[in-house]
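The structure under discussion appears below in the form of C-alpha cells.
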Amino acid sequence: GLEFYEDDAGPSNQGTAVADQWVVKFNSTELDFDEAETCERAYNSSSTHISYLPNEIVLQIFGYVVSTELDMKSLETIAGVCKWFYKLSRTPRIWQAACFKIWPDLRSQITDIEEGESFTSWRGMFINRPHLRFDGVYISRIKYYREGEQRPSLCCSLQTVFYHRFLRFFSDGLVLGMNTPTPPQQAVALLKDRSNANKDVLYGQYTINGDLIKVTLFKRDMTAGRGKGIRLQPDLSYNATLQIVKKGGKQTLNWVEYNMVTNYNGKLTKSDIELEPPHFCRFMFSRVKSYTATSAGTITT
C-alpha cells in the first residue's frame, strides 16, 4: 500500500496513542491554495527558474503526474522536493478529483457520506476510505497438493500445485485477469497494456457498489485477425463478487461469490462455484512502477 497508510500500532499506551493521533492528523491535512508560496532560487542563474511558474500551472503538471490511474504515490514523492511542492500537493483540488474518480456518485459534502463515516478533508477520505487501486495489480497466491502418479516402489506421492491469480483494474471500468504459474515479477508485464496479445489474459468490466466489486471476465477470441481490435468469446463468462477489506492500514479483496455462465444456442446456464480454500485466497495489492511510468492523462480539469 501507500507509505501514508498506517499499519497497526501494536500495544496501546499513552505515548503511542498521542503519536497515532498526530500521524492521522498530519496525513489528512490539506492546505489552502493561497498558502502555497513559491520557492526561491538558491543562487543566480541565467536559466529560467521553476518558481516563475504560477501555482495553477504547477497544479496542472501535478495532475498529469497523478494521471487518470491515480498514482498518488508519485504525488507523495513530489511533495518531498520542497516546501512549495509539499503545500501544492496538499491542496484539496487534486484529492477531490481523485475521490470523484473513484466514487462518481459522491456528493459535494465531505462528512457523513455513509453512516458511521466522517472525514475532515478530501485527502483524509482518499486515504482512510477503502477503495480500488489502479497503479498496480492485485495478486492471489494459490498453493495446494494433489495425488501424483502411483509407483510400485512408493506407497503414495503428492504433487505441489502453485500458481497466481491476477486482477488489474483501470479507472474507466476495464479489468484484466489472468491465472498463471509464471512468477509475478514476469507476469505483471502481461497486464500493463490494454491490448495484450497473450491468450491467457481475460478481458472484462467491473462495477462498484459500496465496498463490493462485481467483475465479469471473458476469454479473448484469438481467431479474430490483426487490426480488428479485441474480440471476446461471449459463450462463457467468469463472474466474481469481491469485497474491499481494510485492516491494519492494508487493503485486500476477499471473495464473496464466484460463478460461470455458459451460453449454448441461446440457453444460459449458471454454475456456482464453492469458495473453498486454498483455491480461493484473498487478493493482495502490489504497486507496479511501470504501469504509471507514462501518464495516460490528467486527473484535474
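The values are calculated or read from the model by the stated rules, or taken from the named source; none is laboratory data. Because the structure is predicted, anything quoted here is derived from the model rather than measured. All Cβ positions, glycine included, derive from the backbone under ideal geometry; neighbour counts span all protein chains shown. Ligands, DNA and RNA are excluded from the accessible area calculation, which covers all protein heavy atoms including side chains. Shrake-Rupley method; radii C 1.70, N 1.55, O 1.52, S 1.80 Å.
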Please pick out the residue among S171, S157, S153 that is modelled with pLDDT under 90 and under 30 Å from F218 (Cα atoms).
S171
Residue pairs, Cβ under 9 Å, 6 or more apart or interchain, first in region 185-204 and farther than 20 Å from G173 by Cβ and in contact (Cβ under 8 Å) with a residue 40 or more places away in the chain, second of a type outside the set (V, I, T) and not in a helix (DSSP H, G or I). List them.
V188/G136; V188/F166; V188/R168; V188/S286
Scan (1) more than 28 Å from V188 (Cα to Cα); (2) at pLDDT 90 or above for the single condition A98 breaks and write down its number.
(1)
Positions within region 244-289 being out of contact with any helix residue (DSSP H, G or I) (no Cβ under 7 Å at 6 or more places or on another chain) and β-branched (V, I, T), in sequence order:
I244, V245, T252, V256, V261, T262, T269, I273
Any idea how many residues of region 261-299 are within 25 Å of the chain's Cα centre (by Cα) and either in contact (Cβ under 8 Å) with a residue 24 or more places away in the chain or in a strand (DSSP E or B) (or both)?
19
Restricting region 175-199 to residues that are open to solvent by 70 Å² or more (accessible area, probe 1.4 Å) and part of a loop (DSSP other than H, G, I, E, B), which is farthest from W103 (Cα to Cα)?
P181
I'd like to verify a number: residues in region 82-96 that are open to solvent by 20 Å² or more (accessible area, probe 1.4 Å) and within 15 Å of R123 (Cα to Cα), how many?
5
Can you tell me which residues in region 65-81 are in a loop (DSSP other than H, G, I, E, B) and exposed (fewer than 15 other Cβ atoms within 10 Å of the Cβ)?
G80, V81
Matching residues in region 249-263 - criterion: being modelled with pLDDT under 85 and surrounded by fewer than 15 Cβ atoms within 10 Å (Cβ to Cβ)
K250
